[in-house]
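As structure tokens, the structure follows; a few thoughts come after it.
The values are calculated or read from the model by the stated rules, or taken from the named source; none is laboratory data. These numbers come from a predicted model, not from an experiment. So basically every Cβ, Gly included, is an ideal-geometry build from the backbone, and we count neighbours across all protein chains shown. Just the protein is used for accessible areas: all its heavy atoms, side chains included, with ligands, DNA and RNA removed. Shrake-Rupley method; radii C 1.70, N 1.55, O 1.52, S 1.80 Å.
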Amino acid sequence: MKQEATWRREGKLWAARVEIRSDTGNKPVTVIVTGRGVSSDGMTLRSVDDLAPYWDGREQLLSTLAAKHPHVRPEDLELPPTHGVEAARTLVEATLAEQFWLTGELRRCRRPSPRHRPNFDMGRLWEAAIRAQMDTTNQSRGQAKQVITAVANQISSLADMAEWFNDTSLRQAAIDETLAYWVLGQDTASSPAQQAWQRLWELRQRPPTLTADAPGINNLNAFRERAETVAPLEDAWLSAWREWVDTSHA
């Protein structure tokens, strides 16, 4: 039985949605099929009694692809020895470059094209920053990763939420002090803002408390309460940075 499908195409990517109605009177089933780089001409759907051959074929395909592109753990990458803040600084600057590029593309109402994306090997940059943090502070890998993640996310959040961050000198000073505080453990003029970020970041990492009667995204009250808890800490963090700008860079 032929049924009409709803189609959407974006370059080489396409998707089709169709409702399958049975002859037994059961509720229709919505089926969505997507493809990238393959033609949709002549595509048909049919029911099967046994999915095992398709599952086995999928496993074989994934194994073939994995053999062509073997996964290398970040810990196994060959990188030059790193120490101090420079690896973290390079990571932060690359993260900002990607963020500024994406923001600019969206403001121009253009679909971001990978061809124009800044060319950084983010995996290697993250690993270099983590290793440098471990070497500089004698932290475990897990602790170092948490610190570098907090640093990168704070700088990225400032780029999104603090207008003064567009000033090149203020941005550079904020990065310098953030790295000095988190990587080198130094007390800086922005220490109150760094401490405010630590409280905010720790809360952001904790998932909202969900209840059995309304789990997941259906528990709107839990997410609303979380937002109401995060907002004051976010305001305090931004205010601490604003005070840093007014007192240290007036």
Among the residues of segment 183-216, how many are in a loop (DSSP other than H, G, I, E, B), at pLDDT 75 or above and either in contact with a helix residue (DSSP H, G or I) (Cβ under 8 Å, 6 or more places away or on another chain) or of a type in the set (Gly, Ala, Ser) (or both)? 8
Do we have any residue at all in segment 144-160 that's under 16 Å from the mean Cα position of the chain (by Cα), acidic (Asp, Glu), at pLDDT below 95 and more than 18 Å from Glu75 (Cβ to Cβ)? yes
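The rows are residues; the columns are (1) at pLDDT below 90; (2) in a helix (DSSP H, G or I); (3) open to solvent by 30 Å² or more (accessible area, probe 1.4 Å); (4) acidic (Asp, Glu).
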position	(1), (2), (3), (4)
Leu106	yes, yes, yes, no
Pro112	yes, no, yes, no
Ala128	no, yes, no, no
Gln133	no, yes, no, no
Thr136	no, yes, yes, no
Set Ala162, Ala174: member being over 20 Å from Thr90 (Cβ atoms) and in contact with a Leu (Cβ under 7 Å, 6 or more places away or on another chain): Ala162
What number goes with the only condition from (1) modelled with pLDDT of 95 or more; (2) at positive phi that Ala236 does not pass? (2)
